[in-house]
There are 2 protein chains.
Amino acid sequence: MNAISHKIIRETLLERIQSGEWELGELIPNEEELAEEFGCARTTVNRALRALAEEGIVIRKRKGGTRVCELPKREAKFEIPIVRQQVEATGAVYRHKIVCRESKKPPISVSTRLHLGADEKALYLEALHLADERPFAFEMRWVNPAAVPHIEEEKFDTISVNEWLIKSVPFSSGDVSFSAVNADCDIADALDVTEGSALFLVDRTTWYDQSFITTLKLYYNQGFKFYSKL
Amino acid sequence: MNAISHKIIRETLLERIQSGEWELGELIPNEEELAEEFGCARTTVNRALRALAEEGIVIRKRKGGTRVCELPKREAKFEIPIVRQQVEATGAVYRHKIVCRESKKPPISVSTRLHLGADEKALYLEALHLADERPFAFEMRWVNPAAVPHIEEEKFDTISVNEWLIKSVPFSSGDVSFSAVNADCDIADALDVTEGSALFLVDRTTWYDQSFITTLKLYYNQGFKFYSKL
DNA sequence: AATATTATTATGTATGCACATAATAATGAA
DNA sequence: TTCATTATTATGTGCATACATAATAATATT
């Protein structure tokens with residue numbers, strides 16, 4: 001009665017599915033029948049099944065009933081972390097340094113991404129993230145000053161650009177891509193690796209409600225890995 | 001009455017949060033008050049707030065009430081795709097080729113990962129994934145034959161190892177890492193790129209209920225990108 | 001003052017009921 | 001046979017109510 005039965009029911013059903021008691025694609029008993037089996041109300045079974053549906057374990061259709069998902073999706077979720085947290089997670093001391101900061105006309109690829117007019121300027125920043133004073137990641141970023149005017153006043157000596165933006169625009173959306181690139185001369189120099197080293201690149205563009213905020217390329221130093229579970 | 005009010009309420013509350021009407025960390029009205037405002041039952045508000053809590057937008061505490069999350073988490077979710085689907089998504093024709101298949105004693109790093117005894121053999125496979133007959137990704141994999149004995153009978157001429165395993169063990173768990181590596185001589189050869197090219201590497205180990213199934217390294221060809229949203 | 005005990009409070013959960021809705025099956029008309 | 005109409009069914013949702021639970025506040029005890 002009190003042992004949060006919707007969770008227990010969810011668990012039980014999940015076990016039946018994972019053990020193969022109910023095959024992939026198979027129709028499972030309806031809510032009413034399950035409610036009777038578990039000796040609870042249909043509402044409770046409903047909640048358990050809804051949870052499984054949200055997780056992609058089952059598919060539910062009105063009148064069609066509930067069946068085990070044919071192709072259980074394997075998704076890896078991971079946080080887009082703040083670099084400082086990544087560094088500190090390794091036990092190292094974090095520091096960041098603004099290497100370059102200027103207002104200038106961005107290349108077309110960037111002005112397109114930020115939805116800027118042809119002659120509009122944007123803020124360009126280069127920053128180096130350090131772990132125990134050793135280069136950890138190198139960031140090349142464009143910011144749309146119209147979206148966050150107060151950025152002009154910020155020095156970024158105590159807080160990184162990313163952290164400042166997250167505080168200013170906490171609920172932005174974004175596109176991200178992950179890839180591997182060979183370090184060119186400039187980046188190799190900044191990260192203190194040999195030219196051509198394989199670097200993990202995160203390329204991200206974020207916006208809030210139609211207003212584009214920033215686009216950046218973040219090059220992680222050699223040997224960096226992103227971990228996740230599925 | 002019929003316009004799925006819990007969704008509407010969730011939306012409305014989300015807007016108030018995103019617009020800054022309720023600040024980060026701020027306590028929002030309790031369920032009863034909101035129910036009165038929206039003219040609905042507390043149950044309905046509860047459902048909306050529970051959804052927001054699951055998304056990491058708000059934090060809820062008994063007696064403490066509900067408050068906007070201080071650091072809204074930025075997580076990128078993406079599917080660990082089947083390579084065939086990745087290839088076909090680009091419009092290319094997929095084919096895969098088993099380059100090597102043998103049963104042998106794995107190195108310690110692998111026997112540890114697969115929880116094998118010191119002298120136990122495992123199945124080693126190398127496969128090349130092709131997009132329009134051009135190398136797309138190169139896979140080096142160890143499989144624990146004890147976990148999936150039927151694998152001995154499978155030729156993998158119509159289905160890839162990964163797809164076969166997904167069908168055989170649909171609900172496995174796993175650890176994944178993503179990184180960038182320079183192509184060594186063998187891999188450069190397999191993917192037909194110059195040695196030292198930056199490759200995107202996915203390293204994955206999967207198991208089902210304490211029984212370790214497979215561990216693999218998947219090297220994507222140069223220029224490959226993983227896309228996601230946040 | 002420090003500690004243990006007892007309210008108080010907002011969320012968490014379960015229930016029975018009613019009705020809405022989408023997908024299907026059954027039926028009828030052309 | 002073909003198409004449109006009408007049940008039927010399982011899920012989807014909302015509500016009022018009751019009680020459980022965790023965290024806090026208030027109180028009493030040492």
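What accessible area per residue comes out for the protein assembly as shown, rounded to a whole number of Å², with a 1.4 Å probe?
That works out to 54 Å² for each residue.
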**Request:** Quote the charge dipole size of chain B about the Cα centre in Debye, to the nearest 20; the model charges only the Cβ of Lys and Arg (+1) and of Asp and Glu (-1).
**Result:** 480 debye
**Message:** As a test question: what accessible area, to the nearest 10 Å², does residue B:94 have when a 1.4 Å probe is rolled over all protein chains in place?
**Reply:** 40 Å²
**Complete:** Applying the gyration tensor rule to the Cα atoms of chain B (axes a ≥ b ≥ c; rounded if a/c under 1.5, else prolate if a/b exceeds b/c, else oblate), the class is prolate
**Asked** Between chains B and A, what is the buried accessible area in Å², counting both sides, with a 1.4 Å probe and ligands, DNA and RNA left out, to the nearest 100?
**Response** 4500 Å²
**Prompt:** Accessible area, 1.4 Å probe, largest first: how do A:154, A:31 sort?
**Reply:** A:154, A:31
**Asked** What nm distances, shortest first, do you get from the label point of residue A:209 to those in the other copies when the point sits 7 angstrom along Cα to Cβ?
**Response** 5.0
**Item:** Mean residue ellipticity (222 nm) of chain B, computed from DSSP H runs ≥ 4 via -39,500 (n - 2.57), nearest 500
**Value:** -7500 deg cm²/dmol
**Request:** Give the shape of region A:51-139 as rounded, prolate or oblate, defined through the alpha-carbon gyration tensor: a ≥ b ≥ c are the square roots of its eigenvalues, a/c under 1.5 means rounded, and otherwise the shape is prolate if a/b is larger than b/c and oblate if not.
**Result:** oblate
**Request:** Set the Förster distance to 35 Å, then compute FRET efficiency between residue B:89 and residue A:154 from the Cβ-Cβ distance, nearest 0.05.
**Result:** 0.30
**Request:** On the protein heavy atoms, probe 1.4 angstrom, tell me the percent of accessible surface of the protein assembly as shown carried by carbon and sulfur.
**Result:** 49 percent
**Asked** Per-residue mean of other chain beta-carbon atoms within 10 angstrom of the beta-carbon, peptide B:216-226?
**Response** 2
**Prompt:** From the square roots a ≥ b ≥ c of the eigenvalues of the alpha-carbon gyration tensor of region B:83-220, which class results: rounded (a/c under 1.5), prolate (a/b over b/c), or oblate?
**Reply:** prolate
**Fill in**
Ordering A:14, B:13, A:71, A:24 by the accessible surface of their heavy atoms, 1.4 Å probe, largest first, yields A:71, A:24, A:14, B:13
**Fill in**
Given B:121-128, B:211-218, the highest-first ranking by average Cβ count within 10 Å works out to B:211-218, B:121-128
**Prompt:** Which listed residue (A:49, A:188, B:76) has the Cα farthest towards the positive end of the charge dipole for the protein assembly as shown, taking +1 on Lys and Arg C-beta and -1 on Asp and Glu C-beta about the Cα centre?
**Reply:** A:49
**Asked** Averaged across the residues of B:163-172, what count of C-beta atoms belonging to other chains lies within 10 Å of each residue's C-beta?
**Response** 3
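If you count, for every residue in A:8-21, the Cβ atoms of partner chains within 10 Å of its Cβ, what is the mean?
Mean number of neighbouring Cβ atoms from other chains: 1.
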**Message:** I'd like the distance separating the alpha-carbon centroids of region A:211-227 and region B:34-69, in whole Å.
**Reply:** 34 Å
**Message:** Using a 7 Å offset from Cα along the direction of the beta-carbon, what are the separations from residue B:41 to the same position in each other copy, nm, ascending?
**Reply:** 0.7
**Prompt:** Using the Cβ atoms and a cut-off under 9 Å, what net charge is assigned to the surroundings of residue A:139, where Lys and Arg are +1 and Asp and Glu are -1?
**Reply:** +1
**Message:** If I model a spin label at residue A:209 and residue A:184 as a point 7 Å from the Cα along the Cα→Cβ vector, what separation in nanometres do I get?
**Reply:** 3.7 nm
**Item:** Using a 7 Å Cα-to-Cβ projection, residue A:7 label spacings across copies, nm, ascending
**Value:** 2.8
**Request:** Quick one: order A:9, A:59 from most to least accessible surface, probe 1.4 Å.
**Result:** A:59, A:9
**Request:** Provide a list, ordered by number, of residues in region A:55-81 showing at least 10 Å² less accessible area with every protein chain present than when their chain is taken on its own, using a 1.4 Å probe.
**Result:** A:57, A:71, A:72, A:73, A:74, A:75, A:76, A:77, A:78, A:79, A:80
**Prompt:** Considering only protein heavy atoms, what is the solvent-accessible area of residue A:108 at a probe of 1.4 Å, reported in Å² to the nearest 10?
**Reply:** 130 Å²
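The values are calculated or read from the model by the stated rules, or taken from the named source; none is laboratory data. Everything quoted here is computed from the prediction, not taken from an experiment. Because the Cβ atoms are built from the backbone with ideal geometry, glycine has one as well, and the counts that use them run over all protein chains shown. Areas reflect the complete protein model, heavy atoms only, side chains present, ligands, DNA and RNA absent. Shrake-Rupley method; radii C 1.70, N 1.55, O 1.52, S 1.80 Å.
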